[in-house]
Amino acid sequence: MATAGKVIKCKAAIAWGPNKLSVEEIEVAPPKAHEVRVKILATGICRSDDHVLSGVISNFQFPAILGHEAAGVIESVGEGVTKLKPGDKVIPLFVPQCGKCVCCKNPDSNLCLKNDIGRYAGLMADGTSRFTCKGQKVYNFIHTSTFTEYTVLDEIAVAKIDDDAPLDKISPIGCGFSTGYGSAVNVAKVKPGSTCVVFGLGGVGLSAAIGCKVAGASRIIGVDINKDKFQKAKDIGVTECISPKDCDKPIQEVLTEMTGGGVDYSFECIGNVDIMVAALQCTHPGFGTCVIVGLAPSTHKFSFDPMLLLTGRTLKGALFGGWKSKDCVPKIVSDYMAKKFDLSELVTHTLPLDKINEGFELLKDGKSIRTVLKF
Ligand code: CND
Ligand code: ZN
Ligand code: ZN
């Protein structure tokens with residue numbers, strides 16, 4: 001392409017610091033060895049972007065380009081890149097897959113040790129950045145940075161997907177969908193006929209419910225304090241919805257009673273440490289499994305009676321639904337194209353990049369599931 005090897009000037013949303021987000025012109029340097037430059041076509045706003053933007057995640061470097069749920073096309077590739085080429089359709093991977101580390105080699109783990117989650121160094125593998133704005137270095141976000149027309153990605157953080165994939169529709173596979181769905185089918189391994197409860201009916205929680213349904217759960221209970229979320233949840237297969245605000249006793253007690261002793265699987269898709277404990281407490285003794293999916297503010301901790309585990313419950317958690325990202329994302333895209341599940345219910349709003357702040361407001365006001373920014 002005509003732009004290969006050159007600096008590209010384009011628009012991006014820069015997070016200058018907590019709650020300071022503005023659209024600016026930036027410069028995106030060409031990809032170095034084992035990197036690719038990608039033109040982003042669609043990117044969704046996830047609650048994790050908001051956690052970082054609102055400053056509840058500590059040790060984060062600003063200014064930065066957030067965004068981690070997207071789909072795009074490769075514009076150019078750096079030296080040594082052999083399996084990706086300009087024109088390839090791709091999904092950026094916020095949990096990379098280097099294929100070489102001890103976790104990548106372990107068939108039961110997807111936590112590639114090259115991930116930047118929690119550490120937030122915000123730089124490419126060689127320790128430098130490809131973004132500048134107004135002469136200032138701009139950090140990246142967990143190997144992705146998608147709130148920009150162009151981004152540069154390490155080769156280990158890119159999945160090449162089907163040439164026929166509809167890029168405008170599949171951005172939720174980059175985070176929310178795969179995270180929730182995989183939490184049910186990979187992490188919990190929901191069994192047919194089981195009873196599940198999903199706490200938080202946002203993009204991640206609804207996707208966990210889709211996973212429970214695809215796995216054959218017979219009862220899927222949705223819990224949310226925002227009742228506006230209930231209709232859509234029912235449309236995608238949630239069988240009952242409850243708001244803790246309508247209950248005169250703690251939600252874990254209500255759920256234990258409703259299910260005759262506790263649920264088989266619970267999913268915390270909010271990021272609230274009190275709900276995480278409730279999610280563990282409402283699982284059935286002897287065999288119940290609780291999966292933590294939500295990202296809590298850095299300073300929040302939880303504690304619980306260890307007897308909950310001694311009595312045969314399992315507490316688990318995972319990033320990106322436990323999927324080995326580079327291997328599995330192309331398969332998830334193929335499953336979508338084979339109509340194994342639908343993504344359209346997850347995308348409630350579409351906006352141009354210039355209106356990104358409006359997109360964050362819709363999320364904070366509980367009015368959107370996913371707002372997708374289209375370029
Ligand atoms: P979103 O904010 O859309 O959904 C959360 C839902 O929880 C909303 O519908 C709220 O109304 C509801 N809620 C809030 N507080 C309560 C409460 N006390 N009781 C009941 N319901 C409540 O968020 P999202 O779906 O985009 O993300 C959900 C979480 O998943 C969030 O913490 C995000 O940071 C995290 C996440 C994790 C991962 C991963 O890899 N594990 C990836 N992306 C996002
Ligand atoms: Zn690895
Ligand atoms: Zn996310």
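The values are calculated or read from the model by the stated rules, or taken from the named source; none is laboratory data. Nothing here was measured: the structure is a model prediction, and the numbers come from that model. Please note: Cβ atoms are built from the backbone with ideal geometry, for glycine as well, and neighbour counts cover all protein chains shown. SASA here: full protein model, heavy atoms, side chains in, ligands and nucleic acids out. Shrake-Rupley method; radii C 1.70, N 1.55, O 1.52, S 1.80 Å.
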Next on the checklist: Could you report region 114-245's accessible area per residue, 1.4 Å probe, as an integer in Å²?
Outcome noted: 34 Å²
Checklist entry - Helix by helix, which DSSP H runs in the chain go 15 Å or more along their axis at the Cα atoms and have an average Kyte-Doolittle hydropathy of 0.5 or more? => result 203-214
Next on the checklist: Once you keep just the Cα pairs under 8 angstrom separated by 6 or more residues, what percentage relative contact order results for region 46-141?
Outcome noted: 27 percent
Item to check | J(HN,Hα) series, region 138-151, from Karplus relation 6.51 cos²θ - 1.76 cosθ + 1.60, nearest Hz, glycine and proline x | outcome: 10, 7, 9, 10, 5, 6, 10, 6, 10, 7, 7, 5, 10, 9
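Note down the relative contact order for region 218-348 as a percent, whole number, built from C-alpha pairs under 8 angstrom at least six residues apart. Each step should come with its number before you reach the end.
Working: 172 pairs, mean separation 21.8, N = 131.
So the answer I get is 17 percent.
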Checklist entry - In nm, to one decimal, how far is the modelled label at Asp164 from the one at Glu24, with both set 7 Å along Cα→Cβ? => result 4.3 nm
Checklist entry - How big is the accessible area of Val102 in square angstrom, nearest 10, if you roll a 1.4 angstrom probe over the protein chains? => result 110 Å²
Next on the checklist: Explain nothing, just compute: Karplus ³J(HN,Hα) = 6.51 cos²θ - 1.76 cosθ + 1.60, θ = phi - 60°, for every residue of region 43-59 in order, whole Hz, x for Gly and Pro.
Outcome noted: 8, x, 9, 9, 4, 5, 4, 5, 4, 6, 4, 7, x, 7, 9, 7, 6
Item to check | Residue-wise HN-Hα coupling along region 152-162, computed from phi with Karplus coefficients 6.51, -1.76, 1.60 (Hz; x: Gly, Pro) | outcome: 10, 10, 5, 3, 6, 10, 9, 10, 7, 10, 3
Item to check | GNM flexibility winner over the chain from Ile14, Ile225, Ile332 (Cα, springs under 10 Å) | outcome: Ile225
Checklist entry - Quick one: if you stick a label point 7 Å off each Cα along the C-beta vector at Met307 and Asp228, how many nm between them? => result 4.2 nm
Next on the checklist: Which one, Lys189, Lys100, Lys137, has the greatest fluctuation when you compute a Gaussian network model over the chain with C-alpha springs under 10 angstrom?
Outcome noted: Lys100
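Leaving out ligands and nucleic acids, note down the accessible area per residue over region 1-110 with a 1.4 angstrom probe, in whole Å².
Details: 4450 Å² over 110 residues.
Value for region 1-110: 40 Å² per residue.
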Checklist outcome for this item: In nm, the gap between the two label points placed 7 Å beyond Cα toward Cβ at Asp235 and Ser109 is 4.1 nm
Checklist entry - Leaving out ligands, DNA and RNA, what percent of the accessible area of region 246-375 is carbon and sulfur, probe 1.4 Å? => result 54 percent
Next on the checklist: With a 1.4 Å probe and all protein chains left in place, how much of the accessible area of region 50-195 comes from carbon and sulfur atoms, in whole percent?
Outcome noted: 52 percent
Checklist outcome for this item: If amide H atoms are modeled at 1.01 Å from N in the peptide plane, then the residues at a separation of 5 or more from Tyr139, or on another chain, having amide H under 5 Å from its own are Ala64, Ile65
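Do you know the relative contact order of the chain, to the nearest whole percent, from alpha carbon pairs under 8 angstrom that are 6+ apart?
On the way: 938 pairs, mean separation 66.1, N = 375.
Contact order relative to length: 18 percent.
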Checklist entry - For Trp16 and Thr350 in one chain, what is 0.36 nm times their gap in residues minus the Cα-Cα distance, to one decimal in nm? => result 117.8 nm
Checklist entry - Where the centroid of each part is defined by its Cα atoms, how far is region 1-51 from region 61-113 in Å? => result 15 Å
